Structure formats: structure tokens, C-alpha cells
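Scroll down for the structure; my scribbles are underneath it.
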Amino acid sequence: MSNGNRPVTIVGGGVSGITLAVLLAERGIPVVLIEKDRRLGGLARSFTYDGFTFDIGPHRFHTYIPQVDGFIRQAMGEDLREISRSSKLQFRGRFYPWPIHPSTTLLRFPPGIALSVIRDLLVGFPKKHARSFKDQIINMYGETLYRHFFEGYSTKFLGITPEQTHPDWAKTGVDRAIIDQRLKIQSLWALVLNVLTQWPKPKLGFLYPEGGCEVFIKNLQERFEAAGGEVLCGRAVDSLTSTDGRIEELQVGERLIRPSQVVWTGTMHSLAGSLGQPPPELSYLPLVCYN
């Protein structure tokens, strides 16, 4: 992967950047990791305030891939804690356990909506080519659940209407919300069968480092530097020099780096700016942190 003493250069010190850096450095490959913030972590950073630790957003680890699970556990070491899932939906002033549980859903769900869902289930609904998130969700769950659940949530979460959202987000969004691959609820019939038959619900656990998500990052950074890797924090890539589409040099402040390869985990806007290219037509949701 490396060319002589030229290091693999990774731009962006979030979870993906530091993970790749560790895997390469522990195989004897020279690596330089560049992060514009003063410390690594990206969206996995933590802050301590008045004796309490706050993560940027909800961060927890869960995977069914043994190799990834082993890597996470090894990285956390003695800081590892296993926690159970406790998720709820708020709907019309009431909280419902998520994933949906029949003991509360059947007794507390609004009768009008429940009857409408049953009608969708028995009568069916026409499927059409999905051109948007709205089309795809209606194809999967029908008009009732789309109108009462998915439409409002998607609009709030993404900041754009379901008609403007790509249909791929329907499956991705549902998978992100469910997390547990044992629950197959990719259609209205599958959802109803899951609610009625899986009782008690299978338990879902998460891995989390005591002291905040950034502990995971700090442990990886220690491993990376112990393996000979170099971290440049508080630095940004000022410019790139490329030949025939291949990056030959990176200017980072007064430092000139000649990489064997470049892995860019930063934003596409920052990459385009470093290449002197117009930024792509992409928008990003703002992140607001407050106590």
C-alpha cells in the first residue's frame, strides 16, 4: 500500500479515519492522519461539563459481524460496558416501546388509525414505481402509516419533504430505526406478524465505553501512535497537487507531504476546495450542540 517511505495519508480523524489508520499502522505501513479539529473523533467526540460527559449525538456500537465486534471490544478494553436498548416512540401524547410490542400497541393504539391499518392490510394498496421516499414507504406500509408516522418524522429529520427524498432512504431509514436484523418488517404484513408473534421481544444490546464515546477514539489513537503512526491535529489541507488524477502532494500548513495514497474521509466540499474545483451540489444538515 505504501511507496517507499511515502505514507498513506488519511484526511479526517473520525471513527472511519482512525480505524483505518490503526489497521494500516499495525501492519507496518507508514500512516499520517490529518484532522482539522484540535482532537480526533469527528462526530464521536465527547465533552465534559460540570462533572458530566456529553456525546455529540447518540453513539453506541452494535454489529452482527464478528470481526467488527472483536475490533470494538478490543479497542474499548477495560472501558467496555454492555447496555440494553430502551427506545420509545412518542405519538399523540403517549409513549410506545420501540420496536412495537403487542402488549401496549393493541391496547393503547388509537382505534381509528388501527382500523385504517387493518383496512390497508385486508384491502391492499396499489404499488407503483417509487420515485421518492413517499412512494417507497406507501409501497411498503400503506397510506395510513405513511401519513401518521413516516411523513412528519422524515420531514423533521431531513429538513426536506418526503416527495423530495430519494426512495433509497426509505429502506435505509427503516433499517437505521430498527437496528435489530432479526426483526424482518419490510412490509405491512411482516410488521403486523412481528407485532403479534414475537412475544416476548428479543433483547438488543449495545457496546459503549465508560466515560463517553471519545474514550473509544482515544484508545485507538494510543494504539495508532504506539504502532508508529503520526497524528496532525488542528491542521487542514491547504492545497493538493495532482497529476493525471492522482494526488502527488498535500500542503498542510508549512508541511509538504508526498503520500503513497490518500484516503479522504472529510467532506466532499473540502476536497473540492483543496483541488480547486467547484463544490458539488450537496447540502448538509447543521449540527447544534447545547446544554
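The values are calculated or read from the model by the stated rules, or taken from the named source; none is laboratory data. All of these numbers come straight from a predicted model, not from anything done at the bench. Using ideal geometry, Cβ is built from the backbone for each residue, glycine included, and neighbour counts are taken over all protein chains shown. The area values use the complete protein model at the heavy-atom level, side chains included, leaving out ligands, DNA and RNA. Shrake-Rupley method; radii C 1.70, N 1.55, O 1.52, S 1.80 Å.
Could you say which residue among E254, E230 is among the acidic types (D, E) and open to solvent by less than 70 Å² (accessible area, probe 1.4 Å)?
Exactly one of E254, E230 is among the acidic types (D, E) and open to solvent by less than 70 Å² (accessible area, probe 1.4 Å), namely E230.
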- Item | Filtered residues of segment 136-156 (kept if closer than 17 Å to D168 by Cβ, open to solvent by 20 Å² or more (accessible area, probe 1.4 Å) and more than 22 Å from the chain's Cα centre (by Cα)) | I138, N139
- What are the residues in segment 118-129 that are of a type outside the set (F, W, Y) and open to solvent by 20 Å² or more (accessible area, probe 1.4 Å), if any? I118, R119, L121, L122, V123, G124, P126, K127, K128, H129
- Query: Is there a residue in segment 20-27 that is outside any helix (DSSP H, G or I) and without any contact (Cβ under 8 Å) to a residue 24 or more places away in the chain?
  - Reply: yes
- Condition broken by P110, with the remaining ones in (1) of a type outside the set (G, A, S); (2) open to solvent by 30 Å² or more (accessible area, probe 1.4 Å); (3) at pLDDT below 85 satisfied: (2)
- Query: Which strands (runs of 3 or more DSSP E) does segment 44-87 wholly contain that include 3 or more residues that are over 21 Å from A177 (Cβ atoms) and open to solvent by 60 Å² or more (accessible area, probe 1.4 Å)?
  - Reply: 46-49, 52-55
- Taking R27 as the residue in question, decide whether it is in contact with a helix residue (DSSP H, G or I) (Cβ under 9 Å, 6 or more places away or on another chain) and charged (D, E, K, R). no
- Message: Out of the helices (runs of 4 or more DSSP H) lying entirely within segment 176-291, which hold 3 or more residues that are modelled with pLDDT of 85 or more?
- Response: 214-226, 268-274
- Residue tally, condition within 30 Å of L145 (Cβ to Cβ) and either among the aliphatic types (A, V, I, L, M) or touching a residue at least 60 places away in the same chain (Cβ under 8 Å) (or both), over segment 62-94: 6
